[in-house]
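A.B. asks: Would you mind keeping the following structure in view while I ask a few things?
The values are calculated or read from the model by the stated rules, or taken from the named source; none is laboratory data. Because the structure is predicted, anything quoted here is derived from the model rather than measured. Neighbour counts run over all protein chains shown; Cβ positions are idealised from the backbone, glycine included. Keep in mind that these areas ignore ligands, DNA and RNA; they rest on the heavy atoms of the full protein, side chains included. Shrake-Rupley method; radii C 1.70, N 1.55, O 1.52, S 1.80 Å.
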Amino acid sequence: MHYSKLLVSGLAALSILLSACEGKKSTGIEPKDMADALHLVMESDRTVYTRKIINRLSLDEQIIKASEHWKDDKALVLPAQMFRYGAEMAAEKGANFSYSLLSLWPINKQNKPKTEIESIGLKFIVDNPGENYYGEEELGGTKYFTAVYPDIAVATACIKCHNKHKNSPRSDFNMKDVMGGVVIRIPLKD
Amino acid sequence: MKLKGSIKWIIWLVFTLLVASYLGYRMYDEDKTLFLPGKTSHGHHQIEMACAACHTDKFGGKKVLQAACMKCHGEELKLADDNHPRSKFTDPRNADRIKKIDALYCVTCHVEHKPELTGVMGVTMPQDFCVNCHYDIAKDRPSHKDLPFTGCASAGCHNYHDNRALYEDFLLKHLHEKDVLSEKKLLQRNLKLRLQTMPSYPLKEYPLRSFTRHEQDAPPTLSTDGKLLDEWYQSAHAQSGVNCSACHNIDIDGKSKKKWLEKPDQKICVNCHKQENEDFLNSMHGMRLAQGLSPMSPAMSVLKMDNDSKHQQLSCFSCHSTHRFDTKYAAINACLNCHADQHSQAYKHSLHNKYWRMEQQGEIKEGNGVSCATCHFPRHEQKQNGKHVIRVMHNQNDNLRPNEKMIRSVCMNCHGLGFSIDALADRALIDKNFTGLPAKHIKSLDMIERRVEIQRIKGNKKE
């Protein structure tokens, strides 16, 4: 809950910052800086949740399990779901950016790359460890600055779950592998 | 010539004024049929005269309508873990999808005032809403190859919004269950606990206890009807500490002195039963009252109703008599007083009713009989003031359409998942009030079982 609040308030603050900057082009923050800042918050919160909540409680201390069907199973929300719920909440609040967690090996097939930049970007971050991918694309008549950041296996829980899931197309992930990517889009003004 | 011209003008003016007055009168009259562009759907026809319920602004189009949809249906979509929330489609990566079907707005699929397009679910639905995004599903699920693209949501397998009883892992968890489970799980109510945890119940004034018949606190000057007293004495109210004065001795506006009311109306019930009232106002029984219209009556229904009851007006007292509040009467006879469709009329000859009668005779355990309310006013557990209480859902439409919503809240209390899915897909069986076995078979459980088996074989080969 704290994680979700922290993430949403962090994103909202950055979103306000972005809107404020849009009006003053000369001193405005660059889309790349904005996306990097957003990702820094996302990555940090996501790592904290995965390590200190999921890994600790479900694997190390075995107090409560984590499940995709957390409501039915009375379990912890999976890190990928936590990330998506935050993205959906930010969208509901009218954020002027969007973000999602995609992968070349997604458990949910809706999370495979869909646009050209997503495909190129996800492949790039796998082939070039430690690097991000930046580009521009036009979707639905709007031009976007799109950034793709590597999403790395930071806890045993990540690889354990993805390697054994019946819908996972890959079962040989190791710690510190790039498992997917965080895609952030910021609309560009003409 | 000039006079003739003036007369024409006067006639035109008078005619215009008459038409304007008539339209104005009709606009403010409860009957606004004149302005209806077409009959509304099953779910909205009760309130079709309250135009402003949906058309909250003359301008604004889809956005205004969307806000109105969400005002009434937003919460239930959230509770149903809506699989396709709006926020999924505001993501620019889905811009190509909303170009084909604008999933940002409910009215893209569910159009009102188009009875000729309204389907069995009571709403209009395009036929291709799944295939536009999931056209390549067979790549991932070979079992779906060659399935008709119109069948995803109409064959009992998937639902666009609510898949709580249909998702893959849930099906897997409930494979091979018996048609009738050996252990029934019908929840039992406890009014005392409910009162204890009810925030609005005046516990200090009316502590929990059972009254004897002579402990009634009606003013001695009042001649009391023995029959009414008996009814009260046998009620759950008398057994839980609710005396006559709790409902009759009322401070109506919250400022004046308490006054004895001989016939308090249903607003009195709301003092304690806030949630039940909220459910009622959300239901087809109460939604007219929620919109400030006259109460719903069977005569207004599009379902087949009993002729003798057609002009009754619905309130709490239609199902719960004023002193006895007989929940057993409310569970069956209150419904059958009005509802005269095939499904309702078949109930008395159904196995469900047979078990209900056996339960009343003490021949089988409590919770094994099935009344109308068992399915349409289901009980559910809710945490209130730190305690788990069993509540009765008073919105009978909450689990009605699509009927798969009933699987978890009702059917699976006694039946296996596979049997429940098949039974609810068989319209003829529903009409017979589930007397007999399902003639239809939905293959979703077979498909998932086969898929897991294939994966197991593949896994073994890898090892």
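A.B. asks: Pick from A:Y133, A:Y144: which is crowded, with 19+ Cβ neighbours inside 10 Å and closer than 17 Å to B:A95 by Cβ?
C.D. replies: A:Y144
A.B. asks: Considering the stretch A:91-103 alone, what residues qualify as being over 17 Å from A:L188 (Cα atoms), at the interface with chain B (Cβ under 9 Å from one of its Cβ atoms) and in a strand (DSSP E or B)?
C.D. replies: A:S100, A:L102
A.B. asks: Considering only the stretch A:137-147, how many residues are under 14 Å from A:I117 (Cα atoms) and within 12 Å of another protein chain (Cβ to nearest Cβ)?
C.D. replies: The total comes to 7.
A.B. asks: Among the residues of the stretch A:89-118, how many are farther than 19 Å from B:K139 by Cβ and surrounded by fewer than 18 Cβ atoms within 10 Å (Cβ to Cβ)?
C.D. replies: 6
A.B. asks: Continuing with this model, one more query. Need the failing condition index for B:E453 against (1) within 30 Å of B:H349 (Cβ to Cβ); (2) open to solvent by 60 Å² or more (accessible area, probe 1.4 Å); (3) in a helix (DSSP H, G or I), just the number.
C.D. replies: (1)
A.B. asks: Let me ask something additional. Would you point out which residue out of B:I364, B:I421, B:I390 is open to solvent by less than 50 Å² (accessible area, probe 1.4 Å), of a type in the set (V, I, T), closer than 23 Å to B:K178 by Cα and touching a residue at least 12 places away in the same chain (Cβ under 8 Å)?
C.D. replies: The unique qualifying residue is B:I421.
A.B. asks: Taking helices (runs of 4 or more DSSP H) that do not extend beyond the stretch B:218-288, which have at least 1 residues that are in contact with a Phe, Trp or Tyr (Cβ under 7 Å, 6 or more places away or on another chain) and open to solvent by less than 40 Å² (accessible area, probe 1.4 Å)?
C.D. replies: Correct list: B:236-240, B:244-248, B:267-272.
For every residue, the table says whether it meets (1) β-branched (V, I, T); (2) open to solvent by less than 30 Å² (accessible area, probe 1.4 Å); (3) within 26 Å of the chain's Cα centre (by Cα).
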position: B:L171; (1), (2), (3): no, yes, yes
position: B:K178; (1), (2), (3): no, no, no
position: B:E183; (1), (2), (3): no, no, no
position: B:N190; (1), (2), (3): no, no, yes
position: B:L193; (1), (2), (3): no, no, yes
position: B:P199; (1), (2), (3): no, no, yes
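A.B. asks: Out of B:D91, B:D96, report the one residue that is free of Cβ contacts under 8 Å to residues at least 24 places away in the same chain, acidic (D, E) and open to solvent by 30 Å² or more (accessible area, probe 1.4 Å).
C.D. replies: Criteria check complete, one pass: B:D96.
A.B. asks: If you don't mind, there's one more thing I want to ask. Could you tell me whether any residue of the stretch A:64-84 is in contact with a helix residue (DSSP H, G or I) (Cβ under 7 Å, 6 or more places away or on another chain), more than 9 Å from chain B (Cβ to nearest Cβ), open to solvent by 40 Å² or more (accessible area, probe 1.4 Å) and assigned to a loop (DSSP other than H, G, I, E, B)?
C.D. replies: Yes, because at least one residue in the stretch A:64-84 is in contact with a helix residue (DSSP H, G or I) (Cβ under 7 Å, 6 or more places away or on another chain), more than 9 Å from chain B (Cβ to nearest Cβ), open to solvent by 40 Å² or more (accessible area, probe 1.4 Å) and assigned to a loop (DSSP other than H, G, I, E, B).
A.B. asks: Just to check your reading of the model, which residue among B:L171, B:L186 is in the same structural domain as B:V410 (by TED's automatic domain parsing) and part of a helix (DSSP H, G or I)?
C.D. replies: B:L171
A.B. asks: How many residues does the stretch B:76-98 contain that are assigned to a helix (DSSP H, G or I) and within 14 Å of chain A (Cβ to nearest Cβ)?
C.D. replies: Summing the residues that are assigned to a helix (DSSP H, G or I) and within 14 Å of chain A (Cβ to nearest Cβ) in the stretch B:76-98 gives 14.
A.B. asks: When the stretch B:1-31 is examined, which residues are found to be within 41 Å of the chain's Cα centre (by Cα) and either in a helix (DSSP H, G or I) or free of Cβ contacts under 8 Å to residues at least 12 places away in the same chain (or both)?
C.D. replies: Residues satisfying the conditions are B:V19, B:A20, B:S21, B:Y22, B:L23, B:G24, B:Y25, B:R26, B:M27, B:Y28, B:D29.
A.B. asks: Also: Give all pairs with beta carbons closer than 6 Å in which a residue from the stretch B:444-460 that is within 25 Å of A:D172 (Cα to Cα) and within 13 Å of chain A (Cβ to nearest Cβ) meets a residue that is among the basic types (K, R) and not in a helix (DSSP H, G or I); count only pairs at least 6 apart in sequence or on separate chains.
C.D. replies: B:Q455/A:K166
A.B. asks: Next question. Conditions: (1) within 12 Å of chain A (Cβ to nearest Cβ); (2) open to solvent by 40 Å² or more (accessible area, probe 1.4 Å); (3) closer than 30 Å to B:G60 by Cβ; (4) charged (D, E, K, R). B:R164 meets all but one. Number of the miss?
C.D. replies: With respect to (1) within 12 Å of chain A (Cβ to nearest Cβ); (2) open to solvent by 40 Å² or more (accessible area, probe 1.4 Å); (3) closer than 30 Å to B:G60 by Cβ; (4) charged (D, E, K, R), B:R164 is out only on (3).
A.B. asks: OK, next. Select from the stretch A:89-103 the residues that are in contact (Cβ under 8 Å) with a residue 12 or more places away in the chain and out of contact with any Asp or Glu (no Cβ under 9 Å at 6 or more places or on another chain) and write down the one among them that is nearest to B:N94 (Cα to Cα).
C.D. replies: That would be A:F97.
A.B. asks: Output the qualifying pairs, or none if there are none: Cβ atoms under 6 angstrom, residues six or more apart or on different chains, first residue in the stretch A:31-59 and within 22 Å of A:E137 (Cβ to Cβ) and open to solvent by 20 Å² or more (accessible area, probe 1.4 Å), second residue in a helix (DSSP H, G or I) and modelled with pLDDT under 95.
C.D. replies: If the second residue must be in a helix (DSSP H, G or I) and modelled with pLDDT under 95, the pairs left are A:A37/A:L14.
A.B. asks: Further question on the same structure: Starting from the stretch A:104-127, take each residue that is in a helix (DSSP H, G or I) and list its partners that are acidic (D, E), counting only C-beta distances under 6 angstrom and pairs at least six apart or across chains.
C.D. replies: A:K109/B:D140; A:I117/A:E137
A.B. asks: Mind checking which residues of the stretch B:137-161 are assigned to a loop (DSSP other than H, G, I, E, B), exposed (fewer than 15 other Cβ atoms within 10 Å of the Cβ) and small (G, A, S)?
C.D. replies: The answer is B:G151, and nothing else.
A.B. asks: Any idea which of A:N163, A:N167 is in contact with a Ser or Thr (Cβ under 9 Å, 6 or more places away or on another chain), of a type outside the set (A, V, I, L, M, F, W, C) and surrounded by fewer than 19 Cβ atoms within 10 Å (Cβ to Cβ)?
C.D. replies: One residue alone meets the criteria, A:N163.
A.B. asks: Sticking with this one: Looking at the structure I just gave you, is B:L34 touching a Lys or Arg at 6+ places or on another chain (Cβ under 8 Å), assigned to a helix (DSSP H, G or I) and exposed (fewer than 11 other Cβ atoms within 10 Å of the Cβ)?
C.D. replies: yes
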